[in-house]
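Everything on this sheet refers to the single structure shown next.
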Amino acid sequence: MNIGKLFGRHTDPVTHEVRTDGRDRLPPGQYQTRKWPVLTYERMPNFDATKYRFRVWGEVAHPFELTWEELTALPRVQLTSDFHCVTTWSRYDNAWEGVHIREILRRAELLPTARYVMAHSWTSYTTNMSLAALDDDDVLIALKHDGQDLAPEHGGPVRLIVPKLYAYKSAKWLNGLEFMEKDRPGFWEIRGYNNNADPWQEERYW
Ligand SMILES: Nc1nc2c(c(=O)[nH]1)N[C@H]1C(S)=C(S)[C@@H](COP(=O)(O)O)O[C@H]1N2
Ligand SMILES: [Mo]
């Protein structure tokens, strides 16, 4: 059922859409784009499925490593969400398919000391967030976007998606999650991007 249609919201201009939690769909200072810009700091990496390992370690009772076959054999979910870049573009209705973050959290058996997470890319890009931000209904390890295998420039074949935070928290070319007791800044967080990155609070820079 389309809730928006039910309540007549389809008649509203897109920038005035209100979400079920009462907040504007478009965060302050953002504009909507229908294109999907590429934002990458590092050079686009190669991917080798035979060498790939997805690692989970740190404050967990059960650290583990998955091969590409094992990661892609995990149960899949499909979740549609909006994507907000700190440089002010937002792309609506991205249909993601991948492994729900709670598949990973459940297998890892987090210790009570796990309060923060560092997401790691095989390019050595990192980004940190609270466990509360990661452990959410809409967070997934994405393998597909709008029905296609995730394109290499967008982090394909595997990236993190954390829709409620600015997109620098959604690490492309994801190959690990490190659970931490104390917070530690990631790649952009060291260079002045906001540690929390809530688009509705405009937490852009330090
Ligand atoms: N590994 C890696 N992940 C990254 C980045 C990056 O430079 N390297 N850029 C981040 C930023 S700032 C944004 S806006 C999104 C952009 O994703 P896109 O290029 O698929 O639009 O990826 C995020 N994840
Ligand atoms: Mo970004």
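The values are calculated or read from the model by the stated rules, or taken from the named source; none is laboratory data. Values in this document were obtained by computation on a predicted structure and should not be read as measured data. Positions of Cβ are backbone-derived with ideal geometry, glycine not excepted, and every protein chain shown enters the neighbour counts. What goes into the accessible areas is simple: the full protein's heavy atoms, side chains included, and nothing from ligands, DNA or RNA. Shrake-Rupley method; radii C 1.70, N 1.55, O 1.52, S 1.80 Å.
Here are some notes:
- Rounded to the nearest 20 debye, dipole of the chain from Cβ charges on Lys, Arg, Asp, Glu: 300 debye
- Between the beta carbons of Thr87 and Arg23, assuming R0 = 22 Å, the FRET efficiency works out to 0.60 to the nearest 0.05.
- At q = 0.13, 0.18 Å⁻¹ the log10 of I(q)/I(0) for the chain amounts to -0.72, -1.35, computed by Debye summation with a single uniform scatterer per C-alpha, solvent ignored.
- Where Tyr168, Tyr41, Tyr193 fall by accessible area, highest first, once all protein chains stay in place (1.4 Å): Tyr41, Tyr193, Tyr168
- Protein heavy-atom accessible surface, 1.4 Å probe, per residue over the chain: 51 Å².
- Here r is the Cβ-Cβ distance between Glu203 and Arg76 and R0 is 35 Å; the resulting FRET efficiency, rounded to 0.05, is 0.65.
- Calculated FRET value between Arg43 and Thr67, using beta carbons and R₀ = 25 Å, to 0.05: 0.50
- Normalised contact order of the stretch 56-152, rounded percent, pairs of Cα under 8 Å and 6 or more residues apart: 30 percent
- Working note: Karplus 6.51/-1.76/1.60 with θ = phi - 60° gives the stretch 154-162 the couplings 9, x, x, x, 8, 9, 8, 10, 10 Hz, where Gly and Pro are set to x.
- Residues with amide H under 5 Å from that of Val60, placed H, sequence gap 5 or more: Leu111
- Relative contact order %, the chain, counting alpha carbon pairs below 8 Å whose residues are six or more apart: 21 percent
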